[in-house]
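The values are calculated or read from the model by the stated rules, or taken from the named source; none is laboratory data. Values in this document were obtained by computation on a predicted structure and should not be read as measured data. Here Cβ is always computed from backbone atoms with ideal geometry, including for glycine, and neighbour counts include all displayed protein chains.
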Amino acid sequence: MVAWLLSVPALTGLALFIALPFCIAVWLSFTRYRLDSPLPISFVGIEQYIRIFTDQGFLRGLVNNSIFALVIVPLQTAAALGLALLVNRPLRAMTLFKTLFFLPVIFPMALVAIVWELILAPGPNGLMNAFLSGLSMGLWKPVDFLHHTGLALPSIMLLSLWQGVGFQMIIMLAGLQSIPTSLYEAARLDGAGPWQQFIHITLPQLKNTIIFVALVTTILAFRLFDQIWILTQGGPNQATTTVMFEAVRAVFRRQDVARGAAMSVVFFMIVLLITIIQRYFLRQEREIE
């Protein structure tokens, strides 16, 4: 009874700010509710879901989110592990490096996007164009990254990698520091080198941490919105549109609340499926142990 009483504040918050809004979104997704319509709310069944799955913008958003996740999840997870291995050394000034790597995480995404808009500016005076031109000894021709169909999404990926890798690095670092040093000492006594220690000790011990980081990164990949809204508005030619961008645009530009609610429910189901898969792998790992 005491445990339930102590859980009341948290359960109340979850009910009011998570469960209730989601139930309202599910209900609205089965209606034809619009902000600009004087007509009463009418029940239309799965009509909104049929509409969104025949909507080229929403389908392109799903594809872009999937591509973004397939690229950024392994890349950012590997980069976070590499940085964690670098800063997990008893050397001077490591605290400074940890702070510098983590610093982009605390910046608002709006500020990060504006800074990267300057970095990716078109023309020879853009920082990225100038850097690539110097690196290639003048062979690189300036391009407009954010308005190039083939470079807009990779540019967003680069921005997201730079901004978010510090968060995953801290989680990886915590996982590395939880590995008993006696395992490495025994491996060294058996003649194992650094690479063998990494393959046979570090990676197996970090398996659950890596799965957790991959899960969080995947969810964040499907929540991709701020960078798109500020930098590209889903363009060019829907090359950077996402599920959340299409949902927000449906509600605030088209005034179609029901359609945006249906997109949100589909997004929730995707995240739920990813979470179930992650929990399955963690449970399998515990059973093996």
Original post:
Filtering the range 134-184 down to residues that are surrounded by fewer than 12 Cβ atoms within 10 Å (Cβ to Cβ) and among the polar types (S, T, N, Q), which residue is farthest from Ile199 (Cα to Cα)?
Top reply: Ser136
Subject >> Residue within the range 264-281 that is within 26 Å of Leu85 (Cα to Cα) and either of a type in the set (A, V, I, L, M) or in contact (Cβ under 8 Å) with a residue 60 or more places away in the chain (or both) present >> reply: yes
**OP:** Filter the range 119-143 down to the residues that are over 25 Å from Gln163 (Cβ atoms) and among the small types (Gly, Ala, Ser), then identify the one that is modelled with the lowest pLDDT.
**Re:** Gly138
Subject >> Residue within the range 18-28 that is at pLDDT 90 or above, more than 21 Å from the chain's Cα centre (by Cα) and in a loop (DSSP other than H, G, I, E, B) present >> reply: no
**OP:** Out of the residues in the range 29-40 that are in contact with a helix residue (DSSP H, G or I) (Cβ under 8 Å, 6 or more places away or on another chain) and either among the charged types (D, E, K, R) or in a loop (DSSP other than H, G, I, E, B) (or both), state the one that is surrounded by the fewest Cβ atoms within 10 Å (Cβ to Cβ).
**Re:** Leu35
**OP:** Would you check which residues across the range 123-133 are among the polar types (S, T, N, Q) and crowded, with 16+ Cβ neighbours inside 10 Å and list them?
**Re:** Asn129, Ser133
**OP:** Would you be able to tell me the number of residues in the range 229-269 that are among the hydrophobic types (A, V, I, L, M, F, W, C) and over 23 Å from Phe22 (Cβ atoms)?
**Re:** 3
Subject >> Residue within the range 225-233 that is within 17 Å of the chain's Cα centre (by Cα) and assigned to a loop (DSSP other than H, G, I, E, B) present >> reply: yes
Subject >> Residue that is within 21 Å of Trp116 (Cα to Cα), under 15 Å from the mean Cα position of the chain (by Cα) and either assigned to a loop (DSSP other than H, G, I, E, B) or not charged (D, E, K, R) (or both), where the choices are Ala214, Ala239, Ala221 >> reply: Ala221
Subject >> Some residue of the range 188-205 being part of a helix (DSSP H, G or I), under 26 Å from Ala80 (Cα atoms) and under 17 Å from the mean Cα position of the chain (by Cα) >> reply: no
Original post:
Take the residues of the range 41-100 that are closer than 30 Å to Ala262 by Cα and exposed (fewer than 12 other Cβ atoms within 10 Å of the Cβ): which is modelled with the lowest pLDDT?
Top reply: Ser42
Original post:
Taking the range 233-263 as the region of interest, how many residues are surrounded by fewer than 22 Cβ atoms within 10 Å (Cβ to Cβ) and among the polar types (S, T, N, Q)?
Top reply: 4
